[in-house]
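Trainee: First, the structure itself, so that you have it in front of you.
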Amino acid sequence: MSLRDDLHAGLAALERDALRRRRRRNTLPCAPHAQVDGRALLAFGSNDYLGLAAEPALAAALAAGAQRFGTGAGASHLVTGHHAVHDELETALARFVGAERALYFSTGYMANSGVLPALLGRGDAVFADRLNHASLVDGALLSRAELHRYPHLDLAALDTLLERSSARRKAIVTDAVFSMDGDVAPLPALLERAARHDAWLIVDDAHGFGVLGPQGRGTVAEAGLSVHPEAWRIVLIGTLGKAAGVAGAFVAGEATLVEWLLQKTRTYIFTTGAPPALAHALLESLRLIEAGDGRRAHLNRLITLFRTRAQLQRWRLLPSRTPVQPVVIGDNDETLAVSAALEAAGLWVPAIRPPTVPTGSARLRISLSAAHREDEVIRLADTLCELERQLA
Ligand code: PMP
């Protein structure tokens with residue numbers, strides 16, 4: 001077989017197993033009201049939890065930023081690409097999450113895959129929840145440290161792994177809100193383990209930042225933990241393309257930690273700085289998040305409404321108090337069929353299949369947003385119940 005035949009065979013296998021992914025082209029701004037192939041669809045798949053991605057004030061801030069700073073940073077941060085507005089954003093982010101200092105990255109993927117290799121190396125050990133985001137897994141692999149994955153939220157298994165380890169440097173790594181399950185990590189218990197075993201606690205709050213905690217300060221704040229200064233071992237990562245509605249990520253923590261990351265993180269050092277206009281828009285986004293209690297209250301009402309209304313029998317609505325409301329169907333083909341039936345009813349809910357989720361747990365990843373209305377959430381819940389009856 002030629003190299004190209006391998007690819008043909010691989011693609012055919014994906015098709016056969018209902019694992020081939022297809023992109024859909026939305027012609028409208030990111031909002032619940034999408035248009036795909038000329039059809040209006042009500043979308044329940046984005047991570048725009050506060051409805052900020054199509055917020056006119058942010059678009060105006062982005063445009064004003066582009067007028068003032070141009071379109072590109074022009075170089076990496078450590079060469080000539082670090083602009084005053086990047087710095088201003090980092091200061092605002094650090095203040096917002098209560099950390100000494102923050103470092104702004106172009107994407108969450110880059111922050112997550114970069115931090116572990118900067119902190120750990122050969123002979124060290126990473127202890128990771130099995131359902132952590134792929135970017136954290138990649139970071140662990142890139143670090144060359146031993147990777148120990150513990151069953152989802154299983155603290156007893158984590159304890160055993162930690163006790164057995166003789167690694168010099170250790171890190172416990174977790175999503176704060178799990179991206180495909182919507183549940184929340186027990187951060188105080190993890191911090192206690194980190195302190196007991198002298199490990200870093202790396203927390204990816206991609207889905208909690210802006211949504212959970214006082215003024216949306218995130219899952220760490222909600223848990224009553226502070227990043228600074230006693231809790232120096234917390235390395236807090238937040239992403240800025242979800243609730244914040246723009247793009248990018250940050251790592252926040254104690255000043256020495258952040259200075260080390262600035263010196264050593266390859267995904268920060270060897271890449272062009274994100275456009276300063278994005279940082280300008282993000283400053284406005286932070287103001288909206290901080291003043292966003294109304295949006296968060298509406299979102300929480302929608303979450304309760306959806307869970308009360310979606311009384312499913314055969315499909316499993318996972319326990320979740322966050323905007324991520326997964327309905328596990330199991331089989332890949334059936335999940336695709338349900339997603340297609342929802343689409344026929346005008347509802348856009350993506351099917352999530354392996355390897356994004358474990359084999360046999362294909363699901364609809366419903367995500368709710370403050371931009372949804374109550375009647376729209378009722379329509380989704382009722383359509384799901386009706387489809388379950390029809391397809392059972
Ligand atoms: N962490 C988690 C938990 C995520 O869900 C994602 C994105 N889906 C990322 C990190 C990556 O963030 P970004 O999209 O900014 O690269």
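Trainee: Which value, in Å to one decimal place, does the Kirkwood hydrodynamic radius take for the range 129-262 when every pair of different Cα atoms is included?
Mentor: 15.1
Trainee: Which one, LEU257, LEU58, HIS152, projects farthest toward the positive side of the charge dipole computed for the range 56-290 from Cβ point charges (K/R +1, D/E -1)?
Mentor: With unit charges placed on the Cβ atoms, the residue in question is LEU257.
Trainee: Taking the DSSP beta bridges in the chain as the whole, what percent of them are antiparallel, to the nearest 5?
Mentor: Antiparallel: roughly 55 percent of the beta bridges in the chain.
Trainee: Determine the dipole magnitude for the range 56-290: charges of +1 sit on the beta-carbon of Lys and Arg, -1 on that of Asp and Glu, nothing else is charged, the reference point is the Cα centre, and the result goes in debye to the nearest 20.
Mentor: About 540 debye.
Trainee: Is the shape of the range 279-371 rounded, prolate or oblate, going by the alpha carbon gyration tensor and its root eigenvalues a ≥ b ≥ c, with a/c under 1.5 for rounded and a/b larger than b/c for prolate?
Mentor: It is prolate, given that a/c is not under 1.5 and a/b is the larger ratio.
Trainee: Additional query: Dipole of the chain, Cα-centred, from +1 at each Lys and Arg C-beta and -1 at each Asp and Glu C-beta, to the nearest 20 debye?
Mentor: So the magnitude is around 400 debye.
Trainee: I've got another one for you. Quick one: net charge around LEU336, please, counting Lys, Arg +1 and Asp, Glu -1 for every other residue with C-beta under 14 Å from its C-beta.
Mentor: +2
Trainee: Provide Rg over Rh for the range 69-118; use the alpha carbon set for both Rg and the Kirkwood Rh (inverse mean inverse pair distance).
Mentor: For the range 69-118, the value is 0.99.
Trainee: If you split all Cα-Cα distances of the chain into 20 Å bins from zero, what percentages do you get per bin, shortest first?
Mentor: Over the chain, the share of Cα pairs per 20 Å bin runs 27, 57, 16, 0 percent.
Trainee: Length gain on complete extension for the stretch THR272 to THR356, per 0.36 nm per residue less the alpha carbon to alpha carbon distance?
Mentor: Taking 0.36 nm per residue and subtracting the Cα distance, the gain is 27.4 nm.
Trainee: Something else now. For a quick protection proxy, order the peptides 260-269, 175-184 by their average other-Cβ count within 10 Å, most packed first.
Mentor: For the peptides 260-269, 175-184, the packing ranking is 175-184, 260-269.
Trainee: Quick check: convex hull of the Cα atoms in the range 56-290, volume per residue, rounded to a whole Å³?
Mentor: Each residue corresponds to 103 Å³ of Cα convex hull volume.
The numbers here are math on the coordinates, done by the rules we state, and not lab data. Predicted model, so just to flag it, every value in this text is computed and none were measured. So basically every Cβ, Gly included, is an ideal-geometry build from the backbone, and we count neighbours across all protein chains shown.
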